[in-house]
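Engineer: After the structure tokens below, expect a handful of questions from me.
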Amino acid sequence: MFANLSERLTQVLKNLSGQGRLTEENIKSTMRDIRMALLEADVALPVVKEFIDHIQTKAIGTDVLESLTPGQALIKLVHQELIAMMGEHCDQLDLSAQPPAVILMAGLQGSGKTTTVAKLARWLKETQKKSVLVVSADIYRPAAIQQLETLAKQIHVEFFPSHPEQDPVDIAQAAIQTAKTKLIDVVIIDTAGRLHIDDAMMDEIKRLHAATQPVETLFVVDSMTGQDAANTSHVFNATIPLTGVVLTKTDGDARGGAALSIRHITGKPIKFIGSGEKVDALEPFYPDRIASRILGMGDILTLVEEAERTLDRTKAEKLAKKIKKGKSFNLEDFRDQLRQISNMGGIMGIMSKLPGINNLPKAAKDNINDKMLVQIEAIINSMTVKERRFPAVINGSRKRRIASGSGTDIQAINRLLKQFLHMQKMMKKLNKQGGLLKLMRGLQGKLPPGTLPPMGN
């Protein structure tokens, strides 16, 4: 998300930061470039106009023009204005109600609403320690009810069964009553989506809202629709009082126009952003962190939170003890590390949150992908337990069998074994010298292209 906008803004501000002095003329020139970058990102025109006006007014003031580092002062202004545009702070869900707290999910068909219901239920269960019941009031889309039931089993939350012959309001009220009986904290209601906004849909969502009195009414919208996402949210908000927006499919949106427009157009906060199909791919929306990502400053806080949430501490401690005792780091350990990276969103997911990613050459960024990790895991999975634990036994005939089983070739097997040998040596050095930074520098150039960021000072 924001890849194109981030690249453009980073370059514009980089050009500016090299100038010793700012004038009204080069500020205006910079504003033109920023305006074009925002418009290309599909940010709504009124939003762009207000954004530029605010920055230009502040930039021409003496605080920037007389600053010892005027370029940096302007970057700070852009950062602050991006935060203001998206909502200043993270708006938390308000669940301070007599249990069960009801969350009503609305949105158009194809926006990823049902998957988002499951993601939100998992987030509430895992991070807020809430008991959750999910129910589908979508009696129109084939298999909508079954889809939610399957997802509920996957994340281990309560599912309230419903049938296409029932009235959506009856379904929702029965689910809430069941939650009261079972002392469940939160009920999430999945409503029907449509291919477009129509009167029948709006009447039904109004009836549901009136009958359930939700504490949160969240509008789920596909971020790839850009300005249309903001406009659709605005229309829904005129029908029922939305409390927030969930942006989905942000991993497929390189522009980010929806995130930058919604707050201004609807006056409603973005509460969560979702990416991908995995049930853990949902995170709270922090405007300050997103603004930092856009300007290439990284988002270490989110990265740390993801690590704490996804990394297997038991396995990490077991590996540390193993290495400390002088035992060899083997291919099973290597595979575990690759899976930990995948759980954190893959290489690109991690790299996108590191400071300075936008300063990498395009060729280097193009090499950063998770395909190599998938191939490496496939190769390791095609080995026997003995081969994974004692790679030295892998001879020519074994390599041919492993290549056939993993759909690769012998060159790929040789490449992996060579990379693994380097990593094994680095692990021994780490144990002796206790230096993680030395390990990272030693790995540079040894792993697949793009697996590690460049190591500077």
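The values are calculated or read from the model by the stated rules, or taken from the named source; none is laboratory data. Given the structure is predicted, the values throughout are model-derived calculations rather than measurements. Please note: Cβ atoms are built from the backbone with ideal geometry, for glycine as well, and neighbour counts cover all protein chains shown.
Engineer: How many residues are within 21 Å of the chain's Cα centre (by Cα), among the β-branched types (Val, Ile, Thr) and buried (at least 16 other Cβ atoms within 10 Å of the Cβ) if we restrict to region 116-161?
Structural biologist: 3
Engineer: I'd like the full set of residues that are modelled with pLDDT under 60, surrounded by 17 or more Cβ atoms within 10 Å (Cβ to Cβ) and more than 23 Å from residue 275 (Cα to Cα), limited to region 349-400.
Structural biologist: Across region 349-400, the qualifying residue is only 360.
Engineer: Residue 186: touching a helix residue (DSSP H, G or I) at 6+ places or on another chain (Cβ under 6 Å), under 12 Å from residue 105 (Cα atoms), crowded, with 22+ Cβ neighbours inside 10 Å and assigned by TED's automatic domain parsing to the domain that holds residue 284, yes or no? Walk me through how you get there before you give the answer.
Structural biologist: Numbers: touching a helix residue (DSSP H, G or I) at 6+ places or on another chain (Cβ under 6 Å): yes; under 12 Å from residue 105 (Cα atoms): no; crowded, with 22+ Cβ neighbours inside 10 Å: yes; assigned by TED's automatic domain parsing to the domain that holds residue 284: yes.
Judged against the criteria, residue 186 is not a match.
Engineer: Between a first residue in region 84-98 that is without any contact (Cβ under 8 Å) to a residue 12 or more places away in the chain and over 18 Å from residue 121 (Cα atoms) and a second residue that is assigned to a loop (DSSP other than H, G, I, E, B) and of a type outside the set (A, V, I, L, M, F, W, C), which pairs have beta carbons less than 6 Å apart while being 6 or more apart in sequence or on different chains?
Structural biologist: none
Engineer: Further question: Quickly run through region 281-297 and pick out the residues that are at pLDDT below 80 and either under 23 Å from residue 118 (Cα atoms) or touching a Phe, Trp or Tyr at 6+ places or on another chain (Cβ under 8 Å) (or both).
Structural biologist: If the condition is that a residue be at pLDDT below 80 and either under 23 Å from residue 118 (Cα atoms) or touching a Phe, Trp or Tyr at 6+ places or on another chain (Cβ under 8 Å) (or both), then 290, 293, 294 are the ones that fit.
Engineer: Something else about it: Would you pick out the residues in region 264-291 that are under 15 Å from residue 248 (Cβ atoms) and among the charged types (D, E, K, R)?
Structural biologist: Applying the first criterion (under 15 Å from residue 248 (Cβ atoms)) to region 264-291 yields 270-285.
Correct list: 271, 277, 278, 280, 283.
Engineer: I'd like to check something: does region 139-149 contain any residue that is under 22 Å from residue 284 (Cα atoms), of a type in the set (S, T, N, Q) and at pLDDT 90 or above?
Structural biologist: No, the conditions are met nowhere in region 139-149.
Engineer: Only one of (1) touching a residue at least 40 places away in the same chain (Cβ under 8 Å); (2) surrounded by 20 or more Cβ atoms within 10 Å (Cβ to Cβ); (3) more than 17 Å from residue 134 (Cα to Cα) is not met by residue 194, so which one is it?
Structural biologist: (2)
Engineer: Give me the helices (runs of 4 or more DSSP H) completely within region 17-115, filtered to those with at least 1 residues that are modelled with pLDDT of 80 or more and surrounded by 13 or more Cβ atoms within 10 Å (Cβ to Cβ), ordered by residue number.
Structural biologist: Working: elements: 24-40, 45-59, 62-65, 70-86.
Of the helices (runs of 4 or more DSSP H) lying wholly inside region 17-115, those with at least 1 residues that are modelled with pLDDT of 80 or more and surrounded by 13 or more Cβ atoms within 10 Å (Cβ to Cβ) span 24-40, 45-59, 70-86.
Engineer: Any residue at all in region 103-115 that is more than 22 Å from the chain's Cα centre (by Cα) and more than 15 Å from residue 272 (Cα to Cα)?
Structural biologist: No, region 103-115 contains no residue that is more than 22 Å from the chain's Cα centre (by Cα) and more than 15 Å from residue 272 (Cα to Cα).
Engineer: Quick check on region 208-225. Is at least one of its residues acidic (Asp, Glu), buried (at least 20 other Cβ atoms within 10 Å of the Cβ) and either at pLDDT below 80 or over 21 Å from the mean Cα position of the chain (by Cα) (or both)?
Structural biologist: Yes: region 208-225 contains one or more residues that are acidic (Asp, Glu), buried (at least 20 other Cβ atoms within 10 Å of the Cβ) and either at pLDDT below 80 or over 21 Å from the mean Cα position of the chain (by Cα) (or both).
Engineer: Checking residue 379 against (1) out of contact with any Lys or Arg (no Cβ under 6 Å at 6 or more places or on another chain); (2) more than 14 Å from residue 332 (Cβ to Cβ); (3) not aromatic (Phe, Trp, Tyr), which single condition isn't satisfied?
Structural biologist: The single condition residue 379 does not satisfy is (2).
Residues checked against (1) at pLDDT 50 or above; (2) assigned by TED's automatic domain parsing to the domain that holds residue 373; (3) over 19 Å from residue 333 (Cβ atoms):
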site: 402; (1), (2), (3): yes, yes, no
site: 408; (1), (2), (3): yes, yes, yes
site: 421; (1), (2), (3): yes, yes, no
site: 427; (1), (2), (3): yes, yes, no
site: 434; (1), (2), (3): no, yes, no
site: 437; (1), (2), (3): no, yes, yes
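Engineer: Continuing with this model, one more query. Looking for whichever is outside the structural domain of residue 8 (by TED's automatic domain parsing) and under 18 Å from residue 291 (Cα atoms) here; the options are 260, 218, 208, 242. Which one fits?
Structural biologist: Numbers: 218 fails: under 18 Å from residue 291 (Cα atoms); 208 fails: under 18 Å from residue 291 (Cα atoms); 242 fails: under 18 Å from residue 291 (Cα atoms).
Checking each option against the conditions leaves just 260.
Engineer: I'd like the full set of residues that are of a type outside the set (D, E, K, R) and assigned to a loop (DSSP other than H, G, I, E, B), limited to region 120-155.
Structural biologist: Residues satisfying the conditions are 128, 131, 137, 139, 140, 142, 143.
Engineer: While we're here: Can you name the number of the only condition in (1) in contact with a Pro (Cβ under 8 Å, 6 or more places away or on another chain); (2) modelled with pLDDT under 80 that residue 10 fails?
Structural biologist: Against the list (1) in contact with a Pro (Cβ under 8 Å, 6 or more places away or on another chain); (2) modelled with pLDDT under 80, residue 10 comes up short only on (1).
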